[in-house]
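The structure appears right after this line, and notes come after that.
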Amino acid sequence: MPHATASWLVDNSSLTFQQIAEFCGLHILEVQAIADDTAATKLTGRDPLRSGELTQDEIERGQADPDYKLRMHREPDQAVRTKGPRYTPVSKRQDKPDGVAWLIRNHPELSDGQIGKLIGTTRTTIQALRDRSHWNMANIQPKDPVTLGLTSQRELDAAVAKAAKARGAAPPVDTTFNEDREALIVELRAEREAHAREAEAALAAGEGGEPESPQGNLGRDIDAAFRS
């Protein structure tokens, strides 16, 4: 709350605007606007003495020397996120219906409560999208909420797994893993055989007497690794 602190210092000290701006991390023109009462919003001063950020002695040193830089004695308390609806930036709020529509279409196992928690919207909105009675239904296009930045992939996966468990179904499994593994084995084996043929051709051309090609050893190592 640097603006509120600056407002208190303007009203209760003779510090220069530059000193207040540097201490609060503001631009000097912002402090000027607070002093002239032309800021966008009327601020209620926040006492840095009560919070322990400053001492009276420190303020007096600054008042005695306009070039003195105030030192913060105690960092301000960090804001703690309380339970409640997920905050969504104003620029992304118009994307919420698209994200909800995508979840309804692709993850019907999710409850309204889970969707509301992921996207940060109300059950009324979710129900309106389910029964297609939403006021803007004609313009809604289902889009992945992760891509839209409304939730994270980890949170979405956790919600889907929890919903599947609640229904007694097995969580989704990547069925392409074994196929990809087999394709990789075939590709590596073909590469090994090609290197072996090249080595044999080199030996037949009179370059024999050399130890076995390292690619051959690599191929056997690969086969042994996948068999294990």
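We did not get these values from a lab; they are worked out from the coordinates using the rules stated. None of these values were measured; they are calculated from a predicted model. When we count neighbours, we look across all protein chains shown, and the Cβ atoms used for this are built from the backbone with ideal geometry, even at glycine.
Taking θ = phi - 60°, what integer Hz values does the Karplus form 6.51 cos²θ - 1.76 cosθ + 1.60 yield along the range 160-168, in sequence order, with x for Gly and Pro?
Taking θ as phi minus 60°, the curve returns 5, 5, 5, 5, 5, 5, 5, 8, x Hz for the range 160-168.
What list of ³J(HN,Hα) values in whole Hz, one per residue of the range 62-70 in order, does the Karplus curve 6.51 cos²θ - 1.76 cosθ + 1.60 (θ = phi - 60°) give from phi, with Gly and Pro shown as x?
Taking θ as phi minus 60°, the curve returns x, 5, 7, 9, x, 8, 6, 9, 5 Hz for the range 62-70.
Non-local amide H neighbours of residue 45 (under 5 Å, H modeled in plane, Pro and chain starts lacking H): which ones?
Residues meeting the amide H criterion: none.
I need 59, 140 ordered by Cβ neighbour count within 10 Å, fewest first.
Fewest-to-most ranking of 59, 140: 140, 59.
Residues with amide H under 5 Å of residue 120's amide H, sequence separation 5 or more or different chain, H placed in the peptide plane at 1.01 Å from N; which?
86
What ranking, highest mean first, results for peptides 154-160, 198-204, 7-13 when packing means the other Cβ atoms within 10 Å averaged over each residue?
Details: 154-160: 15.7, 198-204: 12.4, 7-13: 19.0.
Peptide ranking by packing, descending: 7-13, 154-160, 198-204.
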